[in-house]
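*Asks:* Have a look at this one.
We did not get these values from a lab; they are worked out from the coordinates using the rules stated. These figures come from a predicted structure and were not determined experimentally. Using ideal geometry, Cβ is built from the backbone for each residue, glycine included, and neighbour counts are taken over all protein chains shown.
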Amino acid sequence: MTNVMYDNCLDCPYHQVISDPDPDDWFCDDDQAVVCTQAANPKRQLSSRYAADLSPYRVVMPAIRPYNLRKEAVTPSWCPLQQPKQLEGG
């Protein structure tokens with residue numbers, strides 16, 4: 001992993017945008033979620049009806065309207081690229 005810092009997850013090569021429709025609201029059937037492919041989803045729920053909950057990757061922001069992706073996909077404090085690198089063998 002690199003030490004490059006990104007202000008927005010959409011600029012990071014490790015992000016993924018997935019479809020995250022609200023199963024209870026037809027108006028939000030085009031919602032999207034941003035996930036980080038470098039972090040496991042600690043809240044993964046295989047019994048959920050929401051796509052973001054089913055993702056194996058950690059969710060940066062769920063249920064985003066498509067036109068708000070850049071505004072809402074701000075890099076979170078837990079970003080793996082912002083964590084200090086572990087020294088090998090120590």
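*Asks:* Looking at region 54-67, I want the residues that are in contact (Cβ under 8 Å) with a residue 24 or more places away in the chain and have a partner that is among the small types (Gly, Ala, Ser) and not in a strand (DSSP E or B) with Cβ atoms under 8 Å, at least 6 apart or on another chain. Which pairs are those?
*Replies:* So the pair list comes out as Val59/Ala52; Val60/Ala73; Met61/Ala73; Pro62/Ala52; Ala63/Ala52; Ile64/Ala73.
*Asks:* For region 42-77, what are the residues that are surrounded by fewer than 17 Cβ atoms within 10 Å (Cβ to Cβ), under 11 Å from the mean Cα position of the chain (by Cα) and in a loop (DSSP other than H, G, I, E, B)?
*Replies:* Correct list: Pro56, Pro76.
*Asks:* Just wondering, is there one or more residues in region 21-34 that are within 12 Å of the chain's Cα centre (by Cα) and either β-branched (Val, Ile, Thr) or surrounded by fewer than 16 Cβ atoms within 10 Å (Cβ to Cβ) (or both)?
*Replies:* Yes, region 21-34 contains a residue that is within 12 Å of the chain's Cα centre (by Cα) and either β-branched (Val, Ile, Thr) or surrounded by fewer than 16 Cβ atoms within 10 Å (Cβ to Cβ) (or both).
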